[in-house]
Amino acid sequence: MVGNENAEVGQTWFFALPVLHNISGERIQVTGAKIVDAPEGVQVLGYAAYDRDDTEGLPLLVMQGEEQTPKFEHLKDYSTSPFQVAAGEESDIFYQAKLKITAPPQGSIRTCQFEYRQGDRDYFQTLACEMELKIH
């Protein structure tokens with residue numbers, strides 16, 4: 001679980017969804033990801049996918065405009081087309097949700113869903129991805 005207890009209404013945050021690890025013996029093509037259960041008070045503005053090398057690591061939860069927040073608008077967004085994860089490998093690409101606090105959040109995010117293709121079949125997988133923003 002990641003979170004921040006000093007959030008304010010009107011702020012925009014970036015939340016990194018779990019990094020995918022392909023435990024199968026065949027490559028997968030990741031085609032999408034989303035938060036399943038955004039609470040009232042948290043609006044999902046969109047999703048993007050970035051390479052961890054470009055962001056100098058995995059920015060789990062960062063606020064827009066802060067010094068340590070990567071300049072996402074200048075980085076390549078890999079979500080515009082499927083990207084591959086080799087068999088038995090962890091992805092270098094991670095999905096990120098852009099979130100706006102519209103009112104004091106009424107709970108936390110707990111679940112994300114990933115879409116991927118393996119061979120000629122499409123799959124959906126739900127994973128835990130806990131994040132909480134609280135208004136001080």
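The values are calculated or read from the model by the stated rules, or taken from the named source; none is laboratory data. Predicted model only: the values in this text are computed from it and were never measured. A quick note on method: Cβ atoms are made from the backbone with ideal geometry, for glycine too, and the neighbour counts reach across all protein chains shown. Just the protein is used for accessible areas: all its heavy atoms, side chains included, with ligands, DNA and RNA removed. Shrake-Rupley method; radii C 1.70, N 1.55, O 1.52, S 1.80 Å.
The residue that is surrounded by the most Cβ atoms within 10 Å (Cβ to Cβ), among those in the range 7-20 that are closer than 18 Å to E130 by Cβ and out of contact with any helix residue (DSSP H, G or I) (no Cβ under 9 Å at 6 or more places or on another chain), is F15. The single condition among (1) touching a residue at least 24 places away in the same chain (Cβ under 8 Å); (2) open to solvent by 30 Å² or more (accessible area, probe 1.4 Å) that A48 does not meet is (2). Here I23 qualifies as open to solvent by 40 Å² or more (accessible area, probe 1.4 Å), among the hydrophobic types (A, V, I, L, M, F, W, C) and under 15 Å from L127 (Cβ atoms).
Among all positions in the range 85-98, there is at least one residue which is surrounded by 12 or more Cβ atoms within 10 Å (Cβ to Cβ), closer than 15 Å to S24 by Cα, within 17 Å of the chain's Cα centre (by Cα) and among the small types (G, A, S).
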